[in-house]
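In what follows, a structure is listed as structure tokens, so that the remarks can point back to it.
The values are calculated or read from the model by the stated rules, or taken from the named source; none is laboratory data. Computed from a predicted structure; not experimentally measured. For neighbour counting, all protein chains shown are included, and Cβ atoms are generated from backbone atoms with ideal geometry for every residue, glycine included. Heavy atoms of the whole protein, side chains included, go into the accessibility calculation; ligands, DNA and RNA do not. Shrake-Rupley method; radii C 1.70, N 1.55, O 1.52, S 1.80 Å.
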Amino acid sequence: MMNLKGTRITWLGHATVLVQTAKGTNILIDPFITGNPKYPKGFALPEKIDYILATHGHSDHISDVAPVAAKHHSTVVAIFELANYLGEKGVAQTIGMSLGGTVQLNDVAATMVEAKHSSSAQDELGVHYVGVAAGFVLTIADGPVLYHAGDTAVFGDMALIRDLYQPEVAMLPIGGHYTMGPKEAALAAHLLGVKTILPIHFGTIPQLKRTPEELAPLVDAGVQVVRWTPGESI
Ligand code: NI
Ligand code: MN
């Protein structure tokens with residue numbers, strides 16, 4: 001495993017990931033807790049979650065944004081339209097941004113990057129336009145560069161993410177059906193130039209059948225596919 005220089009990454013099942021930097025910034029990505037069958041039972045989130053990052057509006061990525069933000073006094077970062085939607089849902093502090101932009105979150109520079117996926121949010125009033133789906137590159141001062149792909153297919157411009165930000169660790173969806181599967185994720189890792197893959201978005205529901213075991217033999221030599229279970233940290 002590569003040296004994360006004090007940064008701790010904890011998988012909470014599905015696409016939910018907690019990133020804690022050596023300097024003490026806590027960032028929660030795509031909180032899906034109440035309805036998440038793979039959320040580690042009894043896992044206690046840190047009291048202070050500085051920022052919540054939302055990649056897109058689907059309920060398996062935002063259903064717990066508002067309650068977690070309220071309880072943990074978090075600022076929510078999302079694409080402009082989704083940030084506005086979450087603001088209307090009661091999130092007090094939001095940062096709306098868009099593709100290609102970077103915001104500084106304490107010691108973490110968060111860049112919003114492209115994802116190939118759909119996005120919308122649904123509530124009792126209907127379906128809402130909440131911008132496009134995105135991913136995040138987190139450039140941590142004195143730490144590693146992480147990439148959370150959100151929900152996506154593989155796309156050729158992942159090579160631009162490599163050229164611009166040189167991510168070292170990629171959290172990639174691999175479950176298939178709604179996102180890429182192992183074959184595509186192996187090419188994604190190649191285009192990104194990452195040495196470590198943290199597989200996410202698999203095994204949560206029956207449709208997300210693909211596994212890290214299928215991915216491991218497909219990646220380039222020297223690339224590690226981490227086998228982790230929800231609640232585990234690296
Ligand atoms: Ni989605
Ligand atoms: Mn999803």
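For the stretch 20-33, the condition holds for at least one residue, the condition being that it is closer than 19 Å to Leu146 by Cβ, touching a Pro at 6+ places or on another chain (Cβ under 6 Å), modelled with pLDDT of 95 or more and more than 16 Å from ligand 1 (Cβ to nearest atom). Do we have any residue at all in the stretch 216-230 that's closer than 23 Å to His58 by Cα, in contact with a strand residue (DSSP E or B) (Cβ under 7 Å, 6 or more places away or on another chain) and open to solvent by less than 50 Å² (accessible area, probe 1.4 Å)? Scanning the stretch 216-230 turns up at least one residue that is closer than 23 Å to His58 by Cα, in contact with a strand residue (DSSP E or B) (Cβ under 7 Å, 6 or more places away or on another chain) and open to solvent by less than 50 Å² (accessible area, probe 1.4 Å).
For the stretch 142-171, enumerate the residues that are assigned to a loop (DSSP other than H, G, I, E, B), open to solvent by 50 Å² or more (accessible area, probe 1.4 Å) and either within 16 Å of ligand 2 (Cβ to nearest atom) or not charged (D, E, K, R) (or both). Passing the criteria: Gly156, Gln166.
Can you name the residue in the stretch 104-122 that is assigned to a strand (DSSP E or B) and open to solvent by 30 Å² or more (accessible area, probe 1.4 Å) and is also nearest to ligand 2 (Cβ to nearest atom) among such residues? Step through it out loud before you land on a result.
Step one: of the stretch 104-122, the residues assigned to a strand (DSSP E or B) are 104-105, 108-114, 121-122.
Now restrict to residues that are open to solvent by 30 Å² or more (accessible area, probe 1.4 Å): 104, 114, 122.
Numbers: Gln104: 27, Glu114: 16, Gln122: 13 Å.
Among those that are assigned to a strand (DSSP E or B) and open to solvent by 30 Å² or more (accessible area, probe 1.4 Å), it is Gln122.
Just one of the listed residues (Gly13, Gly87, Gly57) is at pLDDT 95 or above, assigned to a helix (DSSP H, G or I) and surrounded by 15 or more Cβ atoms within 10 Å (Cβ to Cβ), and it is Gly87.
The set of residues in the stretch 60-84 being open to solvent by less than 10 Å² (accessible area, probe 1.4 Å), more than 16 Å from ligand 1 (Cβ to nearest atom) and assigned to a strand (DSSP E or B) consists of Val76, Val77. All conditions but one from (1) without any contact (Cβ under 8 Å) to a residue 60 or more places away in the chain; (2) hydrophobic (A, V, I, L, M, F, W, C); (3) assigned to a strand (DSSP E or B); (4) within 19 Å of Thr102 (Cβ to Cβ) apply to Val127; the one that does not is (4). Sub-6 Å Cβ pairs linking a first residue in the stretch 95-121 that is among the basic types (Lys, Arg) to a second residue that is within 16 Å of ligand 1 (Cβ to nearest atom), at least 6 apart or interchain, are Lys116/Thr152; Lys116/Ala153; Lys116/Phe155, ordered by first then second residue. The test for being at pLDDT 95 or above, within 17 Å of the chain's Cα centre (by Cα), farther than 21 Å from Val108 by Cβ and not acidic (Asp, Glu) does not hold for Pro167.
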